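The values are calculated or read from the model by the stated rules, or taken from the named source; none is laboratory data. Given the structure is predicted, the values throughout are model-derived calculations rather than measurements. No Cβ is skipped: glycine too gets one built from the backbone with ideal geometry, and neighbour counts run over all protein chains shown. All accessible areas refer to the heavy atoms of the entire protein, side chains included, with ligands and DNA or RNA removed. Shrake-Rupley method; radii C 1.70, N 1.55, O 1.52, S 1.80 Å.
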Amino acid sequence: MFKKKINAVQTVVQGESIDARVGNSKIYGKGVTKIYKGAKKDTLAIDHIDFDILENEFVCVVGPSGCGKSTLLKMIGGLDEITEGKIILDNRELNGPGADRGMVFQSYSLFTWMSVEDNIRFGLKLKKIPKEESNKIVDKYLELIGLSQFKKALPKELSGGMKQRVAIARALANSPEVLLMDEPFGALDPRTKSNMQQLMRSIWQKERTTVIFITHDIDEAVFLATRVIVMSARPGRILDNVPIYLPYDRTLDLKDTQEFIQLRRQINNTLYGSEE
């Protein structure tokens, strides 16, 4: 019912640019609303939003603090209840957490007493994956994140960026259909953050997992995404969907190009209504 095809063209209707690509809907939201009940007053956090995430897309969501970005991600992940509306994954309405969705948060959430390889293996053990098979999966993701030599290390022996790489590998090792990321690089220093952005883009190009990535950083969103969803201040509504027509293979010097700067300016103006 919710499977849709989108034409591979970009058209202009009444002066507005409409994003258009070929693809099947992976996650579809209709009329999604979140109201937090209060003792004296209820708070409308998200107000009847519709969204459509295509299979294999890397979608970044940006918006002011308190606009409901993380709340939306938690509802997709099944960690927060929807007040009104529906979220559908592959024609199935979501009503709670599931192994089909992996989550990575800003805090690393690693088990401090477990080695790097055992942290990555954790979900595989719960699924009772045979050890020989799980060893292959763990080794694959250790190599993908560049930490094969640290497989026996404990989290306390790792830098912040290394810990986040382990958290990403642990999520991907479970083969989720959708990877949900809530400002995962927000606490990192600028250099490490840039390196993690390039690594994440590289991982996505290899794995082609559908990714929904929450960030405050417009540069980060433009660099990583195939499309950027721009949300308004609370109550959160979707202001724009911005397709990112930049080279598939991306390096950090892309951020200095005119095309990148124009996209950043477009999103900034939608958010704040002023020129950079």
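Some observations on this one:
- Selected residue (only one of N269, N241 is open to solvent by 20 Å² or more (accessible area, probe 1.4 Å) and more than 19 Å from L54 (Cβ to Cβ)): N269
- Reported count of residues in the stretch 52-70, each being touching a Phe, Trp or Tyr at 6+ places or on another chain (Cβ under 9 Å) and over 27 Å from Q198 (Cβ atoms), is 1.
- Within this structure, S194 passes the test of being under 23 Å from S65 (Cα atoms) and either polar (S, T, N, Q) or open to solvent by less than 10 Å² (accessible area, probe 1.4 Å) (or both).
- Scanning the stretch 244-266 for residues being touching a residue at least 40 places away in the same chain (Cβ under 8 Å), open to solvent by 50 Å² or more (accessible area, probe 1.4 Å) and basic (K, R) gives a total of 1.
- Residue count for the stretch 161-198 under the criterion of being among the hydrophobic types (A, V, I, L, M, F, W, C), more than 14 Å from the chain's Cα centre (by Cα) and within 17 Å of L224 (Cα to Cα): the result is 1.
- Matching residues, the stretch 23-62, being more than 20 Å from T210 (Cβ to Cβ), open to solvent by less than 40 Å² (accessible area, probe 1.4 Å) and at pLDDT 95 or above: G31, T33, K34, A45, I46, D47
- Close contacts from the stretch 113-140, counting a first residue that is among the small types (G, A, S) and a second that is in a loop (DSSP other than H, G, I, E, B) and at pLDDT 95 or above, with Cβ to Cβ under 7 Å and a gap of 6+ residues or different chains, come to S115/K151; S115/K152; S115/A153; S115/L154.
- Filter result for the condition that a residue is out of contact with any His (no Cβ under 8 Å at 6 or more places or on another chain), open to solvent by less than 60 Å² (accessible area, probe 1.4 Å) and farther than 27 Å from A173 by Cβ, over I203, I229: I229
- When N269, N195 are checked against the criterion of being closer than 23 Å to E143 by Cβ and without any contact (Cβ under 8 Å) to a residue 40 or more places away in the chain, N195 stands alone in meeting it.
- Residue within the stretch 210-217 that is more than 26 Å from G29 (Cβ to Cβ) and out of contact with any Gly (no Cβ under 8 Å at 6 or more places or on another chain) present: no
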